Structure formats: C-alpha cells, structure tokens
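The values are calculated or read from the model by the stated rules, or taken from the named source; none is laboratory data. All of these numbers come straight from a predicted model, not from anything done at the bench. Here the Cβ is made from the backbone with ideal geometry for all residues, glycine too, and neighbour counts use every protein chain on show. Areas reflect the complete protein model, heavy atoms only, side chains present, ligands, DNA and RNA absent. Shrake-Rupley method; radii C 1.70, N 1.55, O 1.52, S 1.80 Å.
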Protein chains: 2
Amino acid sequence: MANIQTVARNCRKIMCIGRNYADHVKELNNQRPKQPFFFLKPPSSILLPNAGPVLRPRGVTMHYEVELGLVMGKTLRDLDPEDTQGALDAIEGYILAIDMTARNVQDEAKKKGLPWSIAKGFDTFMPVSNMIAKSQIPDPQNAHIWLSVNGEMKQSDNTELMLFRIPRQLSDISRVMTLEKGDIVLTGTPKGVGPVTTGDVMKAGLKVDGKDVQEANMEVA
Amino acid sequence: MANIQTVARNCRKIMCIGRNYADHVKELNNQRPKQPFFFLKPPSSILLPNAGPVLRPRGVTMHYEVELGLVMGKTLRDLDPEDTQGALDAIEGYILAIDMTARNVQDEAKKKGLPWSIAKGFDTFMPVSNMIAKSQIPDPQNAHIWLSVNGEMKQSDNTELMLFRIPRQLSDISRVMTLEKGDIVLTGTPKGVGPVTTGDVMKAGLKVDGKDVQEANMEVA
Ligand SMILES: [Mg+2]
Ligand SMILES: [Mg+2]
Ligand SMILES: [Mg+2]
C-alpha cells in the first residue's frame, strides 16, 4: 500500500458525493437526492498530515465536513451497482479526510447555478489522514467517523447511515468517468457540519468496533 | 516542450473558464459575469489525437465548445492580474481543445444549483490537438479559432474577444488554487456552440495571421 505522500503526489482526480447522509441533507435545508450527485476537488487542495493549517481565504465562511475516503487501487469503468465485491476489490486503502467548503461561496454558486469548483477547491481545503489499510476497516459501511472543534464533538456517526452505499457510488462515478489507480473518492459527510476559522483546532478520527484506528487520527489547526 | 501524450498522462488539473466571450454568453441566455468563474474537468476526460470518437452517453445532448488551452510550465500562485509577462512565462505551450458539454445535464444542474462536474466530465469529453509551441502563437490574445461540423463552419472567432484575458484568468485561478506544471487551462469558447451526435465529424483549427497552425488541426468523429 502506498503512503499518503505518494498518493497525494500521484492523484489525478478527487470525486466527492454530496448529500449522502440524511441528517446532513436536512441541516443544510437541501432536498434528499433521488440519485447521487458528485463534484470534483483538485489534487492541489490536499493538505498532508502535519503540513500546517487550513488557510481561510479572506471573506470566506469555511465549513468542515469529515468523510471516509477511498483510494482506488485499479482502473474501474462501468461497475455494476450490485457488484459489492468488485467495488471492494478496486479499493487500495482508506483515508479520513475533511472536505473543507467555502460555504458562502457555495451558497452563492448554488443560487446562480454556477459550478462548485472554487467553493471546494482552495489550497489546503482537503486535510487527509495517513493511509488506512483495508484490513483495518473490514466493512467500510460499518465505521464510526467523528470530528471535534476545540475539543467539542461536532460530527460523530456511522458510515452505515450513507444514503448511497460505496458500490453504488463507484458504479455511478465509473459510468461517467473512468476511475484510475490513485484517484480518491470522498463518500459524504454526516450531520454536524459547521464553521471554523483561523486558530480553531479540528481533530478527527475513525473507530471500528469501538476501537480507534490510529492511522485515521487527524489534528489540523 | 512535452508532447500531448505526456501532458495528458501527467495532468492533474484542468480548469475551464465559463462565459468568456460576450456573444456566447448571449446565445445561452446567460448573464454576463462581473468576474470570471471556473470549473474543473477531470484528466480522465482527455481524448488524445486519433484516439477514436467522442462517446455520447445515452440520453445526453452533447455540445461542442472550441477553446484555446494553456499548458502550464511551472507552479503559479497568487499571480498579479497585471503581470502579463509572468502569465506568459508560466505557460509551457498551447493546445486547441473541445470542451464537450452534456448540455441537458448541465441545464438540469444549473436549475437545481448542483455541480457541473458530471456534465463536463464524461470520458472522451475533452478532445485535444497536439502541442503548439509558444513561438507559433506570439500573442495568445490574437489567434483565430474555429470549429466545423460535417463541413459546416460553426465557430470562428478571434481570442481578442475574450472578456477576461489570460493574465486575469491565471491570476483568479492561482489565487484560489495553485497551478502546477502540467495543469491545463481552457480559456472559454466563442459563439456558435451547438449539438453534435454520434457520426458527426468535428474539425477544428487555429490560425495566426491568417495562416493555419498545423499542430492545432483536429478531426474528431
Ligand atoms: Mg463543479
Ligand atoms: Mg462533502
Ligand atoms: Mg467551455
């Protein structure tokens, strides 16, 4: 398994699903989607572990969204949504990631029908953990992800709450665009998103069967 | 200068500007933007010269948009919009490209305030020419780009008609996200966009001082 530095250096595409946990859909007053939708983040937005703080652009209301990330291990095209084994086999490993979002920029883009790329794509807007071996997450739909700000728990939910599960996500993406080795897929965020600003400390982690997975531990100022 | 195959293989980000020619803004009934806006296409959408046809996904109304593309030669961050020389120095070479767009998918996304990534990101949705040396386009704001469908001229305009010029584009992008060597920037499409379907033949090209630049010649079924 490649380390996260190598993954970040070679990554050519980051696809993220929107509105994939019911309670998060409600908190943003969004419609529950009938089918998954996706957006791209640029590889230049990746913030490696211990590489410094998230940088808030001037005038931006910055929100955290903790998400389970999949690092693809092979080329995937036209995956059958029922092919759970095919989906799992195509994954090289996992990461925990924070899909930082310029919420005011995104709200403006939504209102005007404009793309989300800027709102999601600033430098440092994707802090990532170290790589997590597949053996450490036997079932990616049964992992507990959490995020705290300045010691206060903000997000804490199980990946079993995803509206569209991982095989369906990989199927929908790979029917549009080929997933390549090294691509990253962010699988959506549970409820509890909110603003952070310069100096706030975000911690995030992932538990399996109640036990912390060390590689997932993140701390970002 | 790298060849287009190498550029495509190493490319990590493709940023495209929207609504950058006044007459194209009008034809889509859009608002003329007060500032440029951008969206990402995935590197997996690149279609190399002579690599086969553009593939129309089922149910998709597919539009062509011919555009001058910049291939970045170095890292660029926070470029001053007045720094024309800095902008030109950061460009390694040019390409001609067709920003294929699933127009009905995009219209739906706009209406719902959803991202454009799918509408712009299908495999084969970015046919490219060979690399064009900088010496062949002495002034990128004075090049004539054109596209025909089945022998009928559809788009034919000069890059001097861009609403936001190249230094401003690179400034705005690089203030949000670092431009890296090998990234591609598409600079917008002139008026005349329209639908193509399976079997239609698109030709495109670029003229400088009335003369064809051979490397820009494209033919895509
Ligand atoms: Mg977008
Ligand atoms: Mg997200
Ligand atoms: Mg375009």
Semi-axes in Å, largest first, for the range A:46-100 (Cα gyration tensor, √(5λ)) are 31, 13, 9
In the structure shown, do any of A:134/A:181; B:41/B:134; B:41/B:110; A:41/B:120 have a Cα-Cα gap over 18 Å, and if so which? B:41/B:134
Remind me, what semi-axes does the range A:1-128 give for its equivalent ellipsoid, largest first in whole Å, using sqrt of 5 times each Cα gyration tensor eigenvalue? 25, 21, 12
Please list the non-local residues whose amide H lies under 5 Å from the amide H of residue B:183, H modeled 1.01 Å from N, same-chain partners needing a gap of 5 or more. B:12, B:72
Express the C-alpha Rg of the range A:143-221 as a ratio against the empirical globular expectation 2.2 N^0.38 Å, rounded to two decimals. 1.28
Select from the range B:33-54 all residues whose loss of accessible area on going from the chain by itself to the full protein assembly reaches 20 Å² or more (probe 1.4 Å). B:37, B:38, B:40, B:42, B:43, B:44
Using a 1.4 angstrom probe on the protein heavy atoms only, could you order A:207, B:26 from most to least accessible area? B:26, A:207
Can you list the HN-Hα couplings for the range B:93-98, worked out from phi with the Karplus curve (6.51, -1.76, 1.60; θ = phi - 60°), rounded to whole Hz and with x for Gly and Pro? x, 10, 9, 9, 9, 10
How much accessible area per residue does the range B:4-220 have, in Å², with a 1.4 Å probe? 40
Which positions within the range B:84-120 get 10 Å² or more of their accessible surface covered by the other protein chains, compared to the chain by itself, with a 1.4 angstrom probe? B:110, B:113, B:114, B:115, B:116, B:117, B:118
Expressed as a whole percentage, what fraction of the accessible surface of the range A:1-157 belongs to carbon and sulfur atoms when a 1.4 Å probe is rolled over the protein heavy atoms? 45
Translational diffusion coefficient (Stokes-Einstein; Kirkwood radius from C-alpha pairs) of the protein assembly as shown at 37 °C, 0.692 mPa s, in µm²/s: 149
The B/A contact buries a total accessible area, at probe radius 1.4 Å and rounded to the nearest 100 Å², of 2600
How many nm is it between the label spots at residue A:217 and residue B:214, if each spot is 7 Å from the Cα in line with the beta carbon? 6.2
I want to check the label-to-label distance for residue B:156 and residue B:74. Put each point 7 Å from Cα in the C-beta direction and report it in nm to one decimal. 3.9
Please list the non-local residues whose amide H lies under 5 Å from the amide H of residue A:20, H modeled 1.01 Å from N, same-chain partners needing a gap of 5 or more. A:189
Reduced to Cα centres, the span from the range B:125-166 to the range A:7-26 in Å works out to 34
Just grab the label-to-label distance for residue A:30 and residue A:104, each label 7 Å out from Cα along the Cβ direction, in nm (one decimal). 2.1
Just to be sure I understand the curve: with the Debye formula and one point per C-alpha of chain B, what is log10 I(q)/I(0) at q = 0.08, 0.15, 0.18 Å⁻¹? -0.24, -0.93, -1.44
Give me, ordered by chain and number, the residues 5 or more places off residue B:54 or on other chains with an amide H under 5 Å from its own placed amide H. B:221
Residue by residue through the range B:208-214, what is 3J(HN,Hα) from phi via Karplus (6.51 cos²θ - 1.76 cosθ + 1.60, θ = phi - 60°)? Round to whole Hz and write x for glycine and proline. 10, 6, x, 9, 5, 8, 3
Can you list the residues in the range B:152-195 whose accessible area drops by at least 40 Å² when all protein chains are present, compared with the chain alone? Use a 1.4 Å probe, heavy atoms only. B:176, B:177
With Cα springs under 10 Å, the Gaussian network model of chain B assigns the largest mean-square fluctuation among B:190, B:167, B:138 to B:138
Quick one: Karplus J couplings for the range B:82-92, per residue in order, coefficients 6.51, -1.76, 1.60, θ = phi - 60°, nearest Hz, x for Gly and Pro? 8, 8, 4, 5, x, 5, 5, 5, 7, 8, 8
